[in-house]
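Contents: one structure, followed by commentary.
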Amino acid sequence: MGLSAVTVLGVDRPGVIAAVTGSLADCGANIQDSTMTLLGGHIAMMLLVSGDLSADELIEKVCARDLVVTASAVAASRHFGLRPSGLGYVLTVHGPDRPGIISAISAVLAEVGGNITGMSTRLTGRLYVLIADVELPEDVDVSALMRSLAAVGSGLESDITFRPVEPDLL
């Protein structure tokens, strides 16, 4: 059973997610991980899919009107269901839009070995909002990191919050 990364881009409309995921289910493909979001009126999907079809066969099965579909075979690089080994945090940024916001924030996190595991951004008028899930190594000085993030936020004229993820209750 192979593993493929599938991307789907297209103009958003009702039923597009149902059509794509239904096509995958109909051909026996299993969606192991996915993220789907709207980007400026376009649907953007990234899916990690397991099954017996090649990447080319997946593209053929998923192809629908007005969608750009890509697929590539990938090697599994983690075991599903394992909990992350680091400390989980949520980072938020609110401020005026300008080039370099993501670059500045991600550089500060990378300096301490932080990994952004999920991120969403939105531009509403002139207000830019970023929300990121971050995993930090257990030995990070979180207070020092928060000071570094505050300094970057000040330079960007943005408010940055950084808080621990609430523990799972399941």
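The values are calculated or read from the model by the stated rules, or taken from the named source; none is laboratory data. No experiment lies behind these values; they were computed from the predicted model shown. When we count neighbours, we look across all protein chains shown, and the Cβ atoms used for this are built from the backbone with ideal geometry, even at glycine.
Looking for something of a type in the set (V, I, T), modelled with pLDDT of 95 or more and surrounded by 15 or more Cβ atoms within 10 Å (Cβ to Cβ) - is there at least one such residue anywhere in segment 65-85?
Of the residues in segment 65-85, the ones of a type in the set (V, I, T) are 68-70, 74.
Okay, now just the ones that are also modelled with pLDDT of 95 or more, so none.
No, because not a single residue in segment 65-85 is of a type in the set (V, I, T), modelled with pLDDT of 95 or more and surrounded by 15 or more Cβ atoms within 10 Å (Cβ to Cβ).
Mind checking which residues of segment 14-34 are over 19 Å from G51 (Cβ atoms) and surrounded by 12 or more Cβ atoms within 10 Å (Cβ to Cβ)?
Within segment 14-34, V16 is the sole residue that qualifies.
Examine segment 119-128 for a residue that is hydroxyl-bearing (S, T, Y), more than 19 Å from the chain's Cα centre (by Cα) and in the same structural domain as V93 (by TED's automatic domain parsing), and state whether such a residue exists.
Filtering segment 119-128 down to residues hydroxyl-bearing (S, T, Y) leaves 120-121, 124, 128.
Those left that are additionally more than 19 Å from the chain's Cα centre (by Cα): 124.
Subset that is in the same structural domain as V93 (by TED's automatic domain parsing): 124.
Yes.
In segment 37-80, how many are in a helix (DSSP H, G or I) and closer than 12 Å to D12 by Cα? Let's see the steps before the verdict.
First, pick out the residues of segment 37-80 that are in a helix (DSSP H, G or I): 55-62.
The next check asks that each one be closer than 12 Å to D12 by Cα; those that pass are none.
Qualifying residue count for the region: 0.
Could you look through segment 108-134, keep only residues that are of a type in the set (A, V, I, L, M) and more than 21 Å from T37 (Cα to Cα), and pick out the one that is surrounded by the most Cβ atoms within 10 Å (Cβ to Cβ)?
Step one: of segment 108-134, the residues of a type in the set (A, V, I, L, M) are 108-110, 112, 116, 119, 123, 127, 129-132, 134.
If we keep only those that are more than 21 Å from T37 (Cα to Cα) too, we end up with 108-110, 112.
Values: V108: 17, L109: 22, A110: 11, V112: 15.
Once the filter is applied, the top-ranked residue is L109.
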